[in-house]
1. Give me Rg/Rg_expected for the chain, where Rg uses Cα atoms only and Rg_expected = 2.2 N^0.38 Å with N residues.
2. Quickly estimate the mean residue ellipticity at 222 nm for the chain, helices only: each DSSP H run with n ≥ 4 gives -39500 (n - 2.57), and the total goes over all residues, rounded to 500.
3. Kirkwood-based Rg over Rh for the stretch 110-158 (C-alpha set), two decimals?
4. Once you sort the root eigenvalues of the Cα gyration tensor of the stretch 126-232 as a ≥ b ≥ c, which label holds: rounded (a/c under 1.5), prolate (a/b larger than b/c) or oblate (the other case)?
5. In the chain, how many lysine pairs have Cα atoms under 23 Å apart, counting only pairs 8 or more places apart or on different chains?
6. Kindly write out, for the stretch 198-204 in residue order, the coupling ³J(HN,Hα) from the Karplus curve 6.51 cos²θ - 1.76 cosθ + 1.60 (θ = phi - 60°), rounded to whole Hz, with x marking Gly and Pro.
7. Within the stretch 98-176, report the GluC sites (Glu not before Pro) that DSSP leaves as loop and that have at most 12 other Cβ atoms within 10 Å.
8. Using per-residue counts of other Cβ atoms within 10 Å, averaged over each peptide, order 33-42, 151-160, 183-192, 117-126 from highest down.
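All of the numbers you see were taken from the coordinates with simple rules; none came from a lab. Since the model is a prediction, treat every value here as computed from it, not as a measurement. Because the Cβ atoms are built from the backbone with ideal geometry, glycine has one as well, and the counts that use them run over all protein chains shown.
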Amino acid sequence: MTVRLTRTSHGGQPQSTGLEVDDDGHATGYQTSGNRVGRFARELTAAERKALNRALTAARDAGAEPAPDPDGRPKRPSGATEQLVADGLADLRFDPHDKPPTAVKGVIKRLLTLRENLTDSPVAAIELEVGGTPLGARLRHLGSEPVPVRMGSLTLQATLFGPDSAIIDTVTHTVDASGTQSPVGEGWVLPITDDLGLSPPQKGGFLTVTLGTPEVDALGDGVLRPARFSWMTE
């Protein structure tokens, strides 16, 4: 049942996200951007394994054909490519904004759901945590394994939006984190600000927080890559 789904974006700051499920139903993943950056892993439940196997079997039986190669099209200044690799299927590469081939829709749907909730099972990750009264922000280590990092001057930007998605206010905070010792491990916390300086969003509005750009070994391969953290009210 080995299956892999990876997403790679291009533009000013390349980002990548990956998920792999092996023959034993063990899922591993990574991401270089988002609320949590790093590596994640867990065992699939029996129901998840059964559903994924069923979707893969259906895709094989339907004779899934490769999607049009996005590299054959003119490239926008920024964008992303998804790639699906699975035993018994032709490798598929497609723009995530396009519909994947009908035969693999079930596989893609289940893998996207798994990739999203896998971040609840950190192995070696760093999280941008926003909370408290008033709202503050900090980075903290998650998982049981250390994470190599390179910190410098970090910039946090918080933006308050109204119900119509119009920007109401925005603030910026900068912190010198160059003294951070690498790797960071269990219990590590880096305060960014105790007060974002923005009022809570109105009903129907929302708040976003981004922080860049530390370098993090998000894949566990010894390479420090730029990481962009982001958070948004639900």
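1. Details: Rg = 19.5 Å, N = 234, 2.2 N^0.38 = 17.5 Å.
Computed over Cα atoms of the chain, the ratio equals 1.12.
2. Working: 2 runs with 30 residues, N = 234.
Helices in the chain give a 222 nm mean residue ellipticity of -4000 deg cm²/dmol.
3. Ratio of gyration radius to Kirkwood radius for the stretch 110-158: 1.05.
4. Working: a/c = 2.23, a/b = 2.13, b/c = 1.05.
Cα axes put the stretch 126-232 in the prolate bin.
5. On the way: Lys50/Lys105; Lys50/Lys109; Lys75/Lys99; Lys99/Lys109.
Going through the chain pair by pair, I get 4.
6. 10, 6, x, x, 5, 4, x
7. Values: sites: Glu116, Glu127, Glu129; in loops: none.
When the GluC sites (Glu not before Pro) of the stretch 98-176 are filtered for loop state and at most 12 Cβ neighbours within 10 Å, nothing remains.
8. Numbers: 33-42: 21.5, 151-160: 17.2, 183-192: 14.6, 117-126: 19.0.
The peptides rank, most packed first, as 33-42, 117-126, 151-160, 183-192.
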